[in-house]
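Encoded as structure tokens, the structure appears first; notes follow it.
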Amino acid sequence: MRKFILCLLITVFTFSISIAQKPKTPSSSKIYESIQKLNFLGSVLYIAAHPDDENTRLISYMANHVKARTAYLSLTRGDGGQNLIGPEIRELLGVIRTQELLAARRIDGGEQLFTRANDFGYSKHPDETLDIWDKEAVLSDVVLAIRKFKPDIIINRFNHKTPGRTHGHHTSSAMLSFEAFDLANSPTAYPNQLRQTSLWQPQRLFFNTHWWFYGSQEKFEKVDKSNMINFDIGVYYPLKGLSNNEVAAFASSQHLCQGFGRLSQRGSTQEYIEFLKGKPLVDNKNIFTGIDTSWSRIKGGKAIGNILYKVENEFNFVNPSRHIPQLLEAYKLLQNIEDTHWKVQKTKELKAIIEMCAGLYLEASADTNWATQGASINLNIETLNRSNAAITLVSFNDANNLNVSKNILLKNNIKFSFKETVKINNDVQPTTPYWLNEKGSLGMYKADEKYIGLPETPRIFNIDFNLLINNVPITFTKPIVQRFSKPDKGELYRPFEIIPEASAKLTEKVIIFDNDKQHDVAVIVKAGRDNLEGHVELCHPNDWNVYPAKQKVSIEHKGEEQTFVFTIIPPKNQSEGYVSPIVHINDKDYTRELIEINYEHIPFQTVSLPSESKVVRLDIKKKGENIGYIAGAGDVVPESLNQIGYNVLIIDPEDITAEKLDRFDAIVVGIRAYNTIDALQFKQQMLFDFVAKGGNMIVQYNTSYRLKTDKLAPYHLKLSRDRVTDENAKVRFLNPKHELLNYPNKITPEDFNGWTQERGLYFPNEWSNEFTPILSMNDKNETPKDGSLLVAKHGKGHYIYTGLSFFREFPEGVSGAYRLFANMLSIGKEDLKHDAKLND
């Protein structure tokens, strides 16, 4: 752990401090590496589909060994996956995975880009993917990324020539990249983009191939590699005290919500990229062969290079500030460069190096991490020069009403602090990820044109520090943050956010009524300012009733919450709809919920989303009462079972004993529990004995990769990668008379209406005769998959394995999913002697 922290201190510092990340003081080695990168005028764009698709070893190699400006374009934000560290799914999971990608790039030295494509879940073919995504829109985003980033080299993670052999998103990312390679330089392709950028022609396109694309290492060894470049990405970096593979492992381990925390690696490792098109290769060693990556690449750049190469060659590790005069001379020449792209990029890099060499510390810290429209916040402005350079703080200002003249000489290591008050404009919109401002479609997010491609919403509350360094004017812009401390954490940073003056959330996102009895629901109103006065009401479907109609809101202090209880009265018959709170403050209405995401490995996130809950009047019957739940990788099944009247107790696998199991009617095992919980391998026989004595055991989906036990069931059962991704795929009843389809709820095809994202995943494809398959389903043009729901009698009880995606359907309030799960829990709980009814 200590080594990991040390490595982060060495590698994490970036040119612009990430919001809510504690600023790191760079070492001389870091400054020197930054100068090396400054002197390399070449860039690489790596393209794939999801967070975790990227090859961090190759990104790190390009950024740290080759010294190229390197970025990863992830077409999606990974919204359709699972969350191994918390309850967030869909949009909120996309926010977490976005931040994990940014955390990875801070370590491996890359940058991060996105398109508007929404990860709608697993897709078996690019035809389906590109239809749901809106191919033209995503292609335009890829073209825009190329035009803005202007890469010399593009590397695809996946093979564009093998549709249907892997995730449709994967192949689509390569296909779109292959097409965009030429379109980026076509004036007739997306001409509106040329208002904000310019045409660009990348020089070469590669495919990051690997032996597993060929099935085995033996097969790959026999492949003709004359069109490939290979290099050793296991190189060691003495300046970091790390190998490239170690840096890459730390970066990859930031994908914690996907369970990617892993051991670091060392030693020689070969990486291969296959040439696809562009400027022909002269040799098979250097991807930049024939491409000028020196300062001579740009008009007027040679003189700049003469200065900066000398700085690099004669770098003073003991006192980097000695190079400030030379750096400033290069900076002045750079401002006269005609090439806007290189001028902007290299000015950014050069300013950061000057700042590092001078040991400058510039910070604007607010006394709070959030405020509302029209509010005033108190700032502490801190400036510190830790060098002998002649630096004057001329002034500092924000973009609105703050403009303070100082003209103070910043002497070596003498801190200057200033107290200021900033007024927030009345028209400022609340902070939230820009792609969540408007509701998108299944396959696409909506975004303001100026934000497309950006990893996160740009911060609008910044302080410009206007300095004179050796009489050269330079402005450094720093985001306003909140710096504070906690006794058990030390110094902490949070981003400064704008929140609405009122927000409201319902404590339950899905409210299930298994009869026509009324149910109380809590609405929590949060005040964004002092003395909040108004009222709150709950909108509801016409055939539902809510009491009272409205309630008075009166909150004295900002940040405080007030809870209101409304009684919801469902209709007599089955029905569903949505309820949503509206907070009326003066002449404004507030209908959004404020969500906070707080994990230590990513910056604190504030997300504003529409506040609503689904209400479902469900015609459901059930048997049994007490359910033991073994939590897996983050799902809301326990809460959902509570809502339909079961008593659910979360069980720690370490504490499982035969005596403790006896109290339950059924045991439910959460998703991927056998992939993530070591203790289960030692508790299996106890669970099987529980079934044999009359209990029911329901195991939800696992993957065949890294199973903790090879005995999932009391009988032979083998998992596969079979899945049905079409949520509307026809469901056929293999055994319509079976108890699972008839008792205590009669299951009909209508119970499979309204399912979301998929039918199910990782179905077994082999099982012993003790199992009875219940359902059959398949995606278009595929063979039937019969392993989605299997049941076996074991002693006096029943063992059930299901790959059906209940973990997705329950949060969406899908009625049929609840009814079928109730049957699974109820099986065998009453002696069925009414075969005649089952035949109806």
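The values are calculated or read from the model by the stated rules, or taken from the named source; none is laboratory data. Being a predicted model, the structure only gives us computed values, none of them experimental. Cβ coordinates were reconstructed from backbone atoms using ideal geometry, including for glycine residues, and neighbour counts include every protein chain displayed.
Suppose we filter the stretch 318-336 for residues that are assigned to a loop (DSSP other than H, G, I, E, B) and more than 38 Å from the chain's Cα centre (by Cα); how many remain? Give the steps one after another, and end with the answer.
Taking the stretch 318-336 and keeping what is assigned to a loop (DSSP other than H, G, I, E, B), we get 318-319, 335-336.
When the remaining residues are screened for being more than 38 Å from the chain's Cα centre (by Cα), the result is 318-319, 336.
Qualifying residue count for the region: 3.
Which of the residues spanning the stretch 481-520 are within 30 Å of LYS423 (Cα to Cα) and not in a strand (DSSP E or B)?
Listed by number, the residues that qualify are PHE496, ILE499, PRO500, GLU501.
Please work out if SER172 is in a helix (DSSP H, G or I) and touching a residue at least 40 places away in the same chain (Cβ under 8 Å). Can you show your working first?
Values: in a helix (DSSP H, G or I): yes; touching a residue at least 40 places away in the same chain (Cβ under 8 Å): yes.
When the stated conditions are applied, SER172 passes them.
Let me confirm something: among LYS285, LYS219, LYS240, LYS310, which residue is of a type in the set (Lys, Arg), part of a helix (DSSP H, G or I) and not assigned by TED's automatic domain parsing to the domain that holds THR340?
Result: LYS219 is the single residue among LYS285, LYS219, LYS240, LYS310 that is of a type in the set (Lys, Arg), part of a helix (DSSP H, G or I) and not assigned by TED's automatic domain parsing to the domain that holds THR340.
So LYS478 fits all but one of (1) within 30 Å of ALA352 (Cβ to Cβ); (2) in a loop (DSSP other than H, G, I, E, B); (3) of a type in the set (Lys, Arg); what number is the exception?
Just one mismatch for LYS478, condition (2).
Give the residue that is surrounded by the fewest Cβ atoms within 10 Å (Cβ to Cβ), with candidates limited to residues of the stretch 737-756 that are more than 30 Å from SER123 (Cα to Cα) and either free of Cβ contacts under 8 Å to residues at least 12 places away in the same chain or basic (Lys, Arg) (or both). Don't jump to the end; show me each part of the working.
Here is the first cut: in the stretch 737-756, the residues more than 30 Å from SER123 (Cα to Cα) are 737-739, 742-746.
If we keep only those that are either free of Cβ contacts under 8 Å to residues at least 12 places away in the same chain or basic (Lys, Arg) (or both) too, we end up with 737, 746.
Working: LYS737: 11, LYS746: 15.
Taking the candidates together, the pick is LYS737.
Of the residues ILE656, ILE597, ILE644, ILE582, which is touching a strand residue (DSSP E or B) at 6+ places or on another chain (Cβ under 9 Å) and modelled with pLDDT of 95 or more?
Testing whether each residue is touching a strand residue (DSSP E or B) at 6+ places or on another chain (Cβ under 9 Å) and modelled with pLDDT of 95 or more leaves just ILE582.
Only residues that are farther than 22 Å from LYS793 by Cβ, crowded, with 16+ Cβ neighbours inside 10 Å and free of Cβ contacts under 8 Å to residues at least 60 places away in the same chain: list them for the stretch 708-736, please.
The answer is LYS708, ASP726, GLU727, ALA729, VAL731.
Only residues that are more than 30 Å from ASN316 (Cβ to Cβ) and touching a strand residue (DSSP E or B) at 6+ places or on another chain (Cβ under 8 Å): list them for the stretch 329-374, please.
Those that are more than 30 Å from ASN316 (Cβ to Cβ) and touching a strand residue (DSSP E or B) at 6+ places or on another chain (Cβ under 8 Å): ALA364, SER365, ALA366, ASP367, THR368, ASN369, TRP370, ALA371, THR372, GLN373, GLY374.
Each row is one residue, and each column tells you yes or no for (1) acidic (Asp, Glu); (2) farther than 20 Å from ASP619 by Cβ; (3) modelled with pLDDT under 95.
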site: ALA729; (1), (2), (3): no, yes, no
site: ASN735; (1), (2), (3): no, yes, yes
site: LEU740; (1), (2), (3): no, no, no
site: ASP751; (1), (2), (3): yes, no, no
site: GLY760; (1), (2), (3): no, yes, no
site: PHE763; (1), (2), (3): no, yes, no
site: SER768; (1), (2), (3): no, yes, no
site: LEU775; (1), (2), (3): no, yes, no
site: ASP786; (1), (2), (3): yes, yes, no
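If I ask for residues that are of a type outside the set (Gly, Ala, Ser) and either on the phi > 0 side of the Ramachandran plot or not in a strand (DSSP E or B) (or both), which ones from the stretch 521-557 would you list?
Of the residues in the stretch 521-557, the ones of a type outside the set (Gly, Ala, Ser) are 521, 523-526, 529-533, 535-548, 550-553, 555-557.
If the condition is that a residue be of a type outside the set (Gly, Ala, Ser) and either on the phi > 0 side of the Ramachandran plot or not in a strand (DSSP E or B) (or both), then ARG529, ASP530, ASN531, HIS540, PRO541, ASN542, ASP543, TRP544, PRO548, GLU556, HIS557 are the ones that fit.
Condition first: of a type outside the set (A, V, I, L, M, F, W, C) and closer than 30 Å to ASN781 by Cα. Can you find one or more residues in the stretch 141-158 that meet it?
From the stretch 141-158, those of a type outside the set (A, V, I, L, M, F, W, C) are 141, 147-148, 150-152, 156-157; that's our starting set.
Subset that is closer than 30 Å to ASN781 by Cα: 156-157.
There is at least one residue in the stretch 141-158 that is of a type outside the set (A, V, I, L, M, F, W, C) and closer than 30 Å to ASN781 by Cα.
Determine the pairs where a residue that is over 18 Å from PHE275 (Cα atoms), located within the stretch 209-230, has a partner that is surrounded by 15 or more Cβ atoms within 10 Å (Cβ to Cβ) with Cβ atoms under 6 Å apart, the partner being 6 or more residues away or on another chain.
Between residues of the stretch 209-230 that are over 18 Å from PHE275 (Cα atoms) and residues that are surrounded by 15 or more Cβ atoms within 10 Å (Cβ to Cβ), the close pairs are GLN217/TRP211.
Checking LEU402 against (1) of a type in the set (A, V, I, L, M, F, W, C); (2) touching a Ser or Thr at 6+ places or on another chain (Cβ under 7 Å); (3) at pLDDT below 95, only one condition comes out false. Which one?
All conditions are met except number (2).
Within the group ILE304, ILE273, ILE291, which residue is touching a residue at least 24 places away in the same chain (Cβ under 8 Å) and within 26 Å of GLU246 (Cβ to Cβ)? Don't jump to the end; show me each part of the working.
Numbers: ILE304 fails: within 26 Å of GLU246 (Cβ to Cβ); ILE291 fails: within 26 Å of GLU246 (Cβ to Cβ).
ILE273 is the lone residue from the list that is touching a residue at least 24 places away in the same chain (Cβ under 8 Å) and within 26 Å of GLU246 (Cβ to Cβ).
Kindly provide the set of residues from the stretch 597-651 that are in a strand (DSSP E or B) and either at positive phi or in contact with a Gly (Cβ under 7 Å, 6 or more places away or on another chain) (or both), ordered by number.
LYS614, VAL615, VAL616, TYR629, ILE630, LEU649
Starting from residues that are of a type in the set (S, T, N, Q) and under 14 Å from GLY109 (Cβ atoms), keep the ones in the stretch 246-257 and report whichever is surrounded by the fewest Cβ atoms within 10 Å (Cβ to Cβ).
SER252
Among (1) at positive phi; (2) within 27 Å of the chain's Cα centre (by Cα), where does ASN471 come up short?
Of everything listed in (1) at positive phi; (2) within 27 Å of the chain's Cα centre (by Cα), ASN471 misses just condition (2).
Does any residue in the stretch 443-459 that is on the phi > 0 side of the Ramachandran plot come within less than 9 Å, Cβ to Cβ, of a residue that is of a type in the set (Ser, Thr, Tyr) and part of a helix (DSSP H, G or I) six or more places away or on a different chain, and which pairs are these?
none
Do we find that ASP131 is within 30 Å of GLY290 (Cβ to Cβ), surrounded by fewer than 24 Cβ atoms within 10 Å (Cβ to Cβ) and not assigned by TED's automatic domain parsing to the domain that holds ARG723 in this structure?
no
Pick from LYS285, LYS351: which is buried (at least 19 other Cβ atoms within 10 Å of the Cβ) and within 38 Å of the chain's Cα centre (by Cα)? Even if it seems obvious, please write down each step before you answer.
Numbers: LYS285 fails: buried (at least 19 other Cβ atoms within 10 Å of the Cβ).
Result of the check over LYS285, LYS351: LYS351.
Test of understanding: among ALA366, ALA352, ALA375, ALA358, which residue is at pLDDT 95 or above and either over 28 Å from SER43 (Cα atoms) or charged (D, E, K, R) (or both)?
Working: ALA352 fails: either over 28 Å from SER43 (Cα atoms) or charged (D, E, K, R) (or both); ALA375 fails: at pLDDT 95 or above; ALA358 fails: either over 28 Å from SER43 (Cα atoms) or charged (D, E, K, R) (or both).
Matching residue, one of ALA366, ALA352, ALA375, ALA358: ALA366.
In the stretch 733-840, which strands (runs of 3 or more DSSP E) lie fully inside it and hold 1 or more residues that are in contact with a strand residue (DSSP E or B) (Cβ under 6 Å, 6 or more places away or on another chain) and of a type in the set (S, T, N, Q)?
Where strands (runs of 3 or more DSSP E) fall fully within the stretch 733-840 and carry at least 1 residues being in contact with a strand residue (DSSP E or B) (Cβ under 6 Å, 6 or more places away or on another chain) and of a type in the set (S, T, N, Q), they are 760-767, 771-773, 797-802.
Could you pull out the residue among VAL510, VAL523, VAL472 that is farther than 16 Å from PRO603 by Cα, assigned by TED's automatic domain parsing to the domain that holds LYS558 and at pLDDT 95 or above?
Only one candidate qualifies: VAL523.
Taking the options ASN284, ASN313, ASN306, name whichever one is touching a Phe, Trp or Tyr at 6+ places or on another chain (Cβ under 9 Å) and under 30 Å from ILE229 (Cα atoms).
Answer to the check: ASN284.
If you scan the stretch 51-76, which residues turn out to be buried (at least 24 other Cβ atoms within 10 Å of the Cβ) and in contact with a His (Cβ under 8 Å, 6 or more places away or on another chain)?
Selection gives PRO51, SER74, LEU75, THR76.
In the set LEU468, LEU442, LEU454, which member is out of contact with any Leu (no Cβ under 8 Å at 6 or more places or on another chain) and outside any strand (DSSP E or B)?
Of LEU468, LEU442, LEU454, the one residue that is out of contact with any Leu (no Cβ under 8 Å at 6 or more places or on another chain) and outside any strand (DSSP E or B) is LEU442.
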